[in-house]
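The values are calculated or read from the model by the stated rules, or taken from the named source; none is laboratory data. Because the structure is a prediction, the values reported are computed rather than measured. Every residue, glycine among them, receives a Cβ derived from its backbone with ideal geometry; neighbour counts consider all protein chains shown. Note: accessible area is taken over every heavy atom of the protein model, side chains too, but ligands, DNA and RNA are not part of it. Shrake-Rupley method; radii C 1.70, N 1.55, O 1.52, S 1.80 Å.
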Amino acid sequence: METKENQRITLTKRLLKESLIRLMETKNLQKISVSELCKNAGINRATFYNHYAMPSDILKEIGNEIADEIQAIFKERNLHHRATLQERVELACDYLQKNKETAKLLFLNNTPESEFAVKLIRGQSEWETVCDGLDSMYGKDGKDLLLTFLIHGVYCMITKWLLEDSRRTPKEMGKLIGGIN
């Protein structure tokens with residue numbers, strides 16, 4: 001059972017996350033001040049600094065949570081090490097579509113090299129299974145180059161799909177990428 005202290009921390013962080021998301025719907029992350037964020041969340045600045053150094057830290061935490069939830073879905077479905085790229089993209093897009101507004105903010109404020117992208121896409125050890133056999137075909141250097149191409153391509157494809165409100169379903173997104181592996 002959570003202690004009152006843990007419950008307070010959880011509530012404080014939830015309020016700050018909700019406040020940041022609301023503010024980011026109308027303004028750029030870099031223009032959101034700690035004072036504005038705290039006022040919107042109904043907490044004081046000292047409380048904010050107990051948990052975060054700057055508003056971008058909150059967005060980073062939200063991104064980590066979403067990436068962890070998607071990885072948990074892979075694991076729950078026993079797809080962690082044997083899923084095809086098509087299955088991974090479909091499941092990730094399904095989750096992102098269900099959490100579209102927050103996902104859009106994350107993808108708008110991150111690049112394929114960001115910590116969020118690394119955790120969501122690049123940090124998946126499963127990419128090794130997607131690329132099994134590429135070492136023997138292209139050598140380690142060739143495999144690394146192809147892996148970079150795939151990872152960035154998948155991330156950018158999902159970004160475009162989300163930000164442009166594509167009508168394609170998560171299943172169709174998976175099928176688009178399915179021919180690669």
Original post:
Based on DSSP H runs of at least 4 residues, each adding -39500 (n - 2.57), what is the mean residue ellipticity at 222 nm of the chain after dividing by all its residues, to the nearest 500 deg cm²/dmol?
Top reply: -22000 deg cm²/dmol
Original post:
Under 18 Å from the 7 Å Cα→Cβ point of Ile9, by amide nitrogen: which residues of the range 38-81?
Top reply: 44, 46-54, 57-62, 64-65
Original post:
Tell me, what HN-Hα J-couplings in whole Hz come from the Karplus equation 6.51 cos²θ - 1.76 cosθ + 1.60 at θ = phi - 60° for each residue of the range 90-99, using x for Gly and Pro?
Top reply: 4, 5, 5, 5, 4, 4, 5, 5, 5, 10
**OP:** Just subtract the alpha-carbon distance of Lys27 and Lys75 from 0.36 nm times their residue separation and send over the number in nm, one decimal.
**Re:** 13.7 nm
**OP:** Give the cross-link partners of Lys4 among the lysines, using a straight C-alpha distance below 16 Å as the criterion and excluding same-chain residues fewer than 8 apart.
**Re:** Lys13
Subject >> Which listed pairs, of Lys27/Lys60; Lys17/Lys60; Lys75/Lys175; Lys100/Lys171; Lys140/Lys175; Lys60/Lys119, have C-alpha distances above 19 Å, in listed order >> reply: Lys75/Lys175; Lys140/Lys175
**OP:** Calculate the radius of gyration of the Cα atoms of the range 1-100 to one decimal place, then report Dmax, the largest Cα-Cα distance, as a whole number, both in Å.
**Re:** 16.6, 47
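Using a 1.4 Å probe on the protein chains only, how many percent of the accessible area of the chain belongs to carbon and sulfur?
52 percent
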**OP:** Order Phe149, Phe74, most accessible first, counting only protein heavy atoms with a 1.4 angstrom probe.
**Re:** Phe149, Phe74
**OP:** Give me the accessible area of Ser35, 1.4 Å probe, in Å² rounded to the nearest 10.
**Re:** 60 Å²
Original post:
Using a 1.4 Å probe, what is the accessible area per residue for the chain, in Å²?
Top reply: 58 Å²
**OP:** Provide Met137, Met157 ordered by accessible surface of protein heavy atoms (probe 1.4 Å), highest first.
**Re:** Met137, Met157
Subject >> Reported label for calculated mean projected area of the Cα convex hull in nm² given [x] 12.1; [y] 13.2; [z] 14.4 >> reply: [x]
**OP:** Using a 10 angstrom cutoff on alpha carbons, build the Gaussian network for the chain and name the most mobile of Glu65, Glu87, Glu76.
**Re:** Glu76
